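A short worksheet on the structure shown next.
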Amino acid sequence: MDDSKQGSKKGPPQVELPPSITVKQLADLLKAEPTRVIKQLMRRGMMANVNQSIDFATASATAADFGYDAKAAKDRKAAPSRKEKGKGKGKLPVRPPVVTVMGHVDHGKTTLLDVIRKTNVTAREAGAITQHIGAYQALVNERKITFLDTPGHEAFTAMRARGTQVTDIVTLVVAADDGVMPQTIEAIDHAKAAKVPIVVALNKTDKADANPERVKQQLVDLGLVIEEWGGDTVCVPISAKQGKGISDLLENLFLVADILELKADPDSAAEGVIIEAKLDKTKGPLATLLVQKGTLKRGDVVAAGSAWGKIKAMFDDTGKRVHKAEPSAPVEVLGLNEVATAGDHFIVLPDEREARSIVEKQKYPRPRLTLSLSTLSSQISEGRIKELNIVLKTDVEGSIEPIKNSIEKLGTEKTKARVIHTASGSITESDVLLASASNGIIIGFNTPTSPGTTQLADAEGVSIQHYDVIYKLIEDVDKALKGMLEPTYAEVLSGRGEVRAVFPRGKMGKVAGVYVVEGRISRDAQVKVLRQNKVIGSSRISSLKRFKEDVAEVSAGLECGLGVEGTIDFQIGDIIESYRRERIS
Ligand code: GDP
């Protein structure tokens, strides 16, 4: 059913939100208790504490849950930007950078991670065996640097799709003999979409057919202009196999980290991200946690997704038992009640009771509104979204440029479309994750979706739109950008009731005394009246009362008086079905 009219009701209250806002600030704006906001965020699958910053998309969705209509604030005063935050945190200690290694298969990611680990991770205890815990810290000239051990952009973007960004810097490994390959381009696009700086490790320079100059040119063509050519992308020639250039690479990673001014308060309650989790036959559930803020201590009670527990023991990346973990440190912990989910945020809570009550609420599925051209269209028309992120997949290389160019010419002064990744070939899970993490959509031109990808897209709430005519594709994007694309709604049954009494209302028709049998009937619902299984009328509710008081909704087990717009000749025994209109595209 196509309909964009919202009825003649007065619109919901408005709230202006900055690009990023703390939970506390949001609660103040919504005039709600911070705990209620935290609980609502949990229902959306996000663990957050009062001081945590959340992005605009999450904040506006939460505001909508509280009945507000959120708009992007014009000034950014309410929440400090990253830079300002850096200044404000001037006195905070520097934390080690967290690095993810990306690149095309066989270009040397694993070899690079191994060589750094071997040469720079001191076994802090005699006989300690380096174990695999998903991340490790290297020590270089007394400075620590954390590497996430699962190389590749898929893991990186999967985390972002879950709302967590742990990586500060991406090391892009490009083999100097092979040059830029499809996954190199994917990695660049994924890093760019996350706004994470890239340091290029030009690998395999020991090989006879290595051609570094060619690779640099290829990188420039992709928008990564290296420093020696006047750009700002650091590019370090290395040979991971021979261990050459590694210290130079590490030094450059620290330089970039210094520019980023990475700081964290080690004294606050710890929070961070689950990097990896598994079930050990003898030890029980094990999880690797990366601390992002605060100091995690043995005995702390943590909650992450649906897992919680008191930390019984902690081990560092060399397998050594430790009692605390500071910002950017990865640790393996024992004591969670179940296998946690990688990518979930963790927080420390005062006691086990609170942790348990918080995770109980996580058990409900999180509602996700699928983003599509038409939902984005209405968000654009309401000023919530300024940029439409698109992953474009086509059947042949040749279609990419013309479509991309046409799309990027569209838009108004305020809203633009940004094609964040293009490639020929079918639509893959990696595309879905990128779109999900970037709040964007996927457009396929004459190209199919790979098996299994549709399910992931559904789970992530990512819309895949297929076109076989360029003109139609461009027209839809154009309309979406102008906020003109009509959303599609579906009617979802929300409650059912039985008419148990009928009261005449003179000229106004009849009011039905209804007993709600299941679900709930809400004031703004559309209702259908059924008699002997046939629909005898449908209308909007004009009044909904309990004991003469107007109410917003009535739940199962309760009675109410229900009037509708227009007249419906209610009879005792009629069934009332109430429908909620849900946007499906
Ligand atoms: P990944 O798929 O990106 O993790 O790549 P690997 O680290 O598994 O490396 C793929 C292959 O390239 C392996 O046979 C490595 O030994 C080899 N390799 C990695 N780095 C270098 C290098 O610097 N020089 C040479 N000659 N070979 C390398």
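Miscellaneous remarks
- Qualifying positions in region 541-554 - loosely packed, with under 14 Cβ neighbours inside 10 Å and either in contact (Cβ under 8 Å) with a residue 40 or more places away in the chain or within 20 Å of ARG581 (Cα to Cα) (or both): ALA552
- Lone qualifier among ILE442, ILE536 - being open to solvent by 40 Å² or more (accessible area, probe 1.4 Å) and part of a strand (DSSP E or B): ILE536
- Complete set of residues in region 198-233 that are at pLDDT 95 or above and part of a strand (DSSP E or B): ILE198, VAL199, VAL200, ALA201, LEU202, ASN203
- Selection count, region 133-157, where residues are open to solvent by 10 Å² or more (accessible area, probe 1.4 Å) and farther than 17 Å from THR110 by Cβ: 7
- Listed by first and then second residue, the pairs linking a residue in region 96-115 that is free of Cβ contacts under 8 Å to residues at least 40 places away in the same chain to a residue that is within 7 Å of the ligand (Cβ to nearest atom) and open to solvent by 10 Å² or more (accessible area, probe 1.4 Å), with Cβ atoms under 9 Å apart and 6 or more places separating them unless they lie on different chains, are LEU113/PRO151.
- Flag for ALA187 being buried (at least 16 other Cβ atoms within 10 Å of the Cβ), part of a helix (DSSP H, G or I) and of a type in the set (Gly, Ala, Ser): yes
- Screening region 267-329 for strands (runs of 3 or more DSSP E) wholly inside it with 3 or more residues that are open to solvent by 30 Å² or more (accessible area, probe 1.4 Å) returns the ranges 271-280, 307-315.
- Taking the criterion of being charged (D, E, K, R), at pLDDT 80 or above, more than 16 Å from the ligand (Cβ to nearest atom) and farther than 18 Å from PRO18 by Cα, the only residue of region 52-108 that qualifies is ARG95.
- So PRO212, is it touching a Ser or Thr at 6+ places or on another chain (Cβ under 8 Å), open to solvent by 10 Å² or more (accessible area, probe 1.4 Å) and more than 11 Å from the ligand (Cβ to nearest atom): yes
- Check on ALA257, in a strand (DSSP E or B) and more than 16 Å from the ligand (Cβ to nearest atom): no
- Residues of region 546-564 classified as more than 42 Å from the chain's Cα centre (by Cα) and assigned to a loop (DSSP other than H, G, I, E, B), total: 2
- Candidate set: region 565-581, residues that are of a type outside the set (A, V, I, L, M) and assigned to a loop (DSSP other than H, G, I, E, B); chosen: the one nearest to VAL527 (Cα to Cα): GLU565
- Reported count of residues in region 197-209, each being more than 12 Å from the ligand (Cβ to nearest atom) and either over 15 Å from LEU113 (Cα atoms) or exposed (fewer than 15 other Cβ atoms within 10 Å of the Cβ) (or both), is 2.
- Counted residues, region 445-485 - those being among the hydroxyl-bearing types (Ser, Thr, Tyr) and part of a helix (DSSP H, G or I): 3
- Near pairs, Cβ below 9 angstrom, 6+ apart or cross-chain, from region 205-221 (closer than 21 Å to THR111 by Cβ and among the aliphatic types (A, V, I, L, M)) to any residue that is in a helix (DSSP H, G or I) and within 14 Å of the ligand (Cβ to nearest atom): LEU219/THR184
- Single condition TRP229 does not satisfy, out of (1) within 16 Å of the ligand (Cβ to nearest atom); (2) over 30 Å from the mean Cα position of the chain (by Cα): (1)
- A count restricted to region 230-266 and to residues that are open to solvent by 50 Å² or more (accessible area, probe 1.4 Å) and over 26 Å from LEU296 (Cα atoms) stands at 11.
- Residue list for region 240-254, filter: away from the ligand (no atom under 16 Å from the Cβ) and of a type in the set (A, V, I, L, M): LEU253
The values are calculated or read from the model by the stated rules, or taken from the named source; none is laboratory data. Small disclaimer: the values here were computed from a predicted structure and weren't measured. Note that we place each Cβ from the backbone using ideal geometry, even for glycine, and neighbour counts take in every protein chain shown. Surface accessibility is based on the protein's heavy atoms, side chains included, excluding ligands, DNA and RNA. Shrake-Rupley method; radii C 1.70, N 1.55, O 1.52, S 1.80 Å.
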